[in-house]
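As structure tokens, the structure follows; a few thoughts come after it.
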Amino acid sequence: MPEHDVFVPSGVVEILAVMKQHPDSLLVAGATSIMASATGRSAALSPVVVSLERAQELKAISRTDRFVEFGAMTTLSELLSLRKGTVPSILKERAAGIGTFTVRNLATLGGALSCATRFRDVFAPLACLDALAEFRTPQGSSWVNVNRLAGENGRPVIRPGSLLTRIRIPADEWDFAISRRYGLDGYESERNAVLSCVCRMNKHTISEIRIAEAGAELVRSREAETMLIGRKLPLAERDKDAALEAYAGRCAALGLSGVRTARFLGVLRTLFECLDRGEE
Amino acid sequence: MTVSFILNGEDVSAEAEAGERLSSLLSSRFGLRGARGDCLSGLCGRCIVLLGGKPVNSCLVPAFRVQGAEIVTIEGFGRTDDYRDIMAGFRKAGFEPCGFCDSARVLVASAIMEEDPRPDDSLIVERMSAISCRCTQPSALIAGVRAAAEIRERRVFGHAGA
Ligand SMILES: Cc1cc2nc3c(=O)[nH]c(=O)nc-3n(C[C@H](O)[C@H](O)[C@H](O)COP(=O)(O)OP(=O)(O)OC[C@H]3O[C@@H](n4cnc5c(N)ncnc54)[C@H](O)[C@@H]3O)c2cc1C
């Protein structure tokens with residue numbers, strides 16, 4: 001039987017102390033992705049395991065006028081059980097689509113943001129809401145916009161030796177918010193993704209818009225978003241074409257395949273039609 | 001490692017690998033075969049148990065996680081009044097889950113009634129979708145859980161609501 005040292009710290013300071021002593025330790029939140037990716041009766045774990053489950057600070061949920069903040073160990077079920085209006089609906093919808101309620105009773109928001117293989121379904125809504133994630137290391141702490149959790153190639157960036165502690169979501173009001181998952185394959189497939197969009201309008205003119213697509217890669221283009229600001233709804237065909245061209249440029253910069261790019265642009269066109277009709 | 005936990009109301013301990021699935025631990029060390037999952041990836045829902053009162057896929061729970069926890073399997077739940085209510089409700093509605101999914105259906109039914117003593121159809125269907133088995137129609141599931149909820153309400157409160 002392989003021997004493991006399993007630490008179950010009761011607070012963040014203790015977790016960081018273990019991480020400092022054992023830089024190669026494996027952090028375990030709900031364990032769902034770790035166990036689901038294993039075969040056989042046991043999962044092969046690192047020799048040192050740090051279970052985050054007993055750290056109460058990582059389970060706190062708070063709300064102010066400006067944002068709602070989740071401890072990284074908030075389970076998806078806990079997030080979904082919050083009163084209507086506490087959590088942006090596009091995030092709730094996507095969290096509700098992850099696994100089944102028995103999986104969501106285990107899986108955590110922090111775990112969903114820390115998966116290295118691909119972006120999970122909650123990522124696109126968080127990216128277009130410009131959510132912030134707090135990371136702590138034995139050396140210090142920092143707040144990072146979740147859009148920066150994607151590397152140059154759009155793929156998830158792992159932050160070794162960092163503990164994700166809190167996720168802060170601005171409580172801004174949006175006139176239009178939509179989030180759709182597409183692609184039929186299993187949740188680990190490279191061929192499905194989530195497209196999310198939030199938009200603020202002033203007399204049928206776009207005053208702010210954010211669009212994020214996340215699957216194997218995160219695609220977001222500030223250039224295209226800026227181009228859309230000030231445009232009247234329904235969008236003129238030339239405005240749509242110009243935005244799509246900017247997105248095609250972003251896909252090329254990320255090195256996405258032609259098929260992947262074409263699918264994304266097709267979904268974007270549908271999104272623009274929904275925006276025109278105000279249909280969420 | 002040695003894991004100690006409460007299993008169906010009793011204090012127990014067992015030697016296990018830290019990453020061993022709870023489903024495996026339950027069947028190989030305790031002879032409990034009610035949570036007999038075989039997909040090993042949280043997809044079939046057959047291995048559902050209650051962890052701290054909440055239904056979870058036991059194939060996704062590593063052994064180290066149950067240290068100090070409370071686990072209830074169908075074998076333990078089968079000794080409760082809630083179990084009898086659920087079985088009576090299922091029978092009354094003519095709902096007979098197959099041998100593949102019956103234990104998981106009962107545990108999920110208990111969780112539904114815990115969440116909402118008068119569950120609506122959408123809650124029943126959504127929660128039961130945790131078990132992937134085609135033995136039954138949604139209408140039968142709804143009828144079964146509703147009948148169970150009524151019987152339970154009558155037992156607990158002395159009457160069933162409108
Ligand atoms: C049956 C099933 C169906 C699923 N369906 C979907 C789906 O439809 N859509 C979808 O998007 N996903 C789906 N998933 C994947 C699911 O989203 C992830 O398994 C889950 O979000 C991971 O959360 P966790 O708390 O279990 O993380 P864990 O498995 O504990 O950890 C995941 C990774 O994150 C690291 N980690 C965890 N917490 C932290 C932290 N606080 N700081 C730093 N690192 C950390 C761990 O070291 C590990 O590398 C499904 C999973 C299962 C099992």
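The values are calculated or read from the model by the stated rules, or taken from the named source; none is laboratory data. Bear in mind that the values here come from a model prediction, so they are computed numbers and not experimental data. Virtual Cβ from ideal backbone geometry, glycine too; neighbours counted across all protein chains shown. The protein model used for the area step is the full one, side chains on, heavy atoms only, and it has no ligands, DNA or RNA in it. Shrake-Rupley method; radii C 1.70, N 1.55, O 1.52, S 1.80 Å.
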Pair list, Cβ under 8 Å, 6 or more apart: the range A:96-118 residue more than 9 Å from chain B (Cβ to nearest Cβ) and touching a residue at least 60 places away in the same chain (Cβ under 8 Å), other residue small (Gly, Ala, Ser) and in a strand (DSSP E or B) | A:110/A:71
Selection within the range A:21-36 - touching a residue at least 24 places away in the same chain (Cβ under 8 Å) and more than 7 Å from every other protein chain (Cβ to nearest Cβ) = A:22, A:23, A:24, A:25, A:26, A:27, A:28, A:29, A:30, A:33
Which ones in the range A:1-15 are more than 12 Å from chain B (Cβ to nearest Cβ) and either in contact with an Asp or Glu (Cβ under 8 Å, 6 or more places away or on another chain) or open to solvent by less than 20 Å² (accessible area, probe 1.4 Å) (or both)?
-> A:9, A:11, A:12, A:15
The condition from (1) without any contact (Cβ under 8 Å) to a residue 12 or more places away in the chain; (2) within 14 Å of chain B (Cβ to nearest Cβ) that residue A:62 misses is numbered (2)
Failed condition for residue A:278, given (1) modelled with pLDDT of 95 or more; (2) open to solvent by 30 Å² or more (accessible area, probe 1.4 Å); (3) among the small types (Gly, Ala, Ser), with all others met?
-> (1)
Is it the case that residue A:68 is aliphatic (A, V, I, L, M), closer than 28 Å to residue A:171 by Cβ and either over 20 Å from the mean Cα position of the chain (by Cα) or open to solvent by less than 20 Å² (accessible area, probe 1.4 Å) (or both)?
-> yes
Answer yes or no: is there a residue in the range A:61-68 that is in contact with a His (Cβ under 8 Å, 6 or more places away or on another chain) and more than 13 Å from the ligand (Cβ to nearest atom).
-> no
Residue A:179 passes all but one of the listed conditions (1) at pLDDT 95 or above; (2) part of a loop (DSSP other than H, G, I, E, B); (3) surrounded by 14 or more Cβ atoms within 10 Å (Cβ to Cβ); the exception is number (2)
Every pair of residues 6+ apart whose Cβ atoms lie under 8 Å, when the first sits in the range B:1-25 and is closer than 25 Å to residue B:39 by Cα and more than 9 Å from chain A (Cβ to nearest Cβ) while the second is charged (D, E, K, R) and open to solvent by less than 50 Å² (accessible area, probe 1.4 Å) = B:22/B:65
Given the conditions (1) of a type in the set (Gly, Ala, Ser); (2) in contact with a Pro (Cβ under 7 Å, 6 or more places away or on another chain); (3) surrounded by fewer than 16 Cβ atoms within 10 Å (Cβ to Cβ), every one holds for residue B:139 apart from (2)
Does the range A:188-220 hold any residues that are more than 14 Å from the ligand (Cβ to nearest atom), open to solvent by less than 50 Å² (accessible area, probe 1.4 Å) and outside any loop (DSSP other than H, G, I, E, B), and which are they?
-> A:197, A:198, A:199, A:205, A:206, A:209, A:210, A:211, A:212, A:219
Condition met for residue B:67 (open to solvent by 40 Å² or more (accessible area, probe 1.4 Å), modelled with pLDDT of 95 or more and either within 11 Å of another protein chain (Cβ to nearest Cβ) or farther than 28 Å from residue A:33 by Cβ (or both)) = yes
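Just give me the residues in the range A:158-171 being closer than 16 Å to residue A:126 by Cα and open to solvent by less than 70 Å² (accessible area, probe 1.4 Å), in sequence order. Give the steps one after another, and end with the answer.
Going through the range A:158-171, the residues closer than 16 Å to residue A:126 by Cα turn out to be A:164-171.
Matches in the range A:158-171: A:164, A:165, A:167, A:168, A:169, A:170, A:171.
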Examine the range B:131-144 for a residue that is assigned to a loop (DSSP other than H, G, I, E, B), in contact (Cβ under 8 Å) with a residue 12 or more places away in the chain and within 12 Å of chain A (Cβ to nearest Cβ), and state whether such a residue exists.
-> yes
Residues of the range B:31-62 classified as farther than 18 Å from residue B:75 by Cβ, at the interface with another protein chain (Cβ under 8 Å from one of its Cβ atoms) and aliphatic (A, V, I, L, M), total = 2
Of the residues that sit in the range B:1-19 and are under 28 Å from residue B:113 (Cα atoms) and touching a helix residue (DSSP H, G or I) at 6+ places or on another chain (Cβ under 7 Å), which one is surrounded by the most Cβ atoms within 10 Å (Cβ to Cβ)?
-> B:7
Say we look at the range A:76-102 and pick out the residues that are buried (at least 23 other Cβ atoms within 10 Å of the Cβ) and over 17 Å from residue A:123 (Cβ atoms); which of these is farthest from the ligand (Cβ to nearest atom)?
-> A:101
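Would you point out which residue out of B:26, B:22, B:51 is buried (at least 24 other Cβ atoms within 10 Å of the Cβ) and under 19 Å from residue A:28 (Cα atoms)? I'd like the intermediate steps shown before the answer.
Working: B:26 fails: under 19 Å from residue A:28 (Cα atoms); B:51 fails: buried (at least 24 other Cβ atoms within 10 Å of the Cβ).
Unique residue meeting the criteria: B:22.
Only one of B:64, B:77, B:95, B:90 is within 17 Å of residue B:4 (Cα to Cα) and of a type in the set (Phe, Trp, Tyr). Can you tell me which?
Values: B:77 fails: within 17 Å of residue B:4 (Cα to Cα); B:95 fails: within 17 Å of residue B:4 (Cα to Cα); B:90 fails: within 17 Å of residue B:4 (Cα to Cα).
The unique qualifying residue is B:64.
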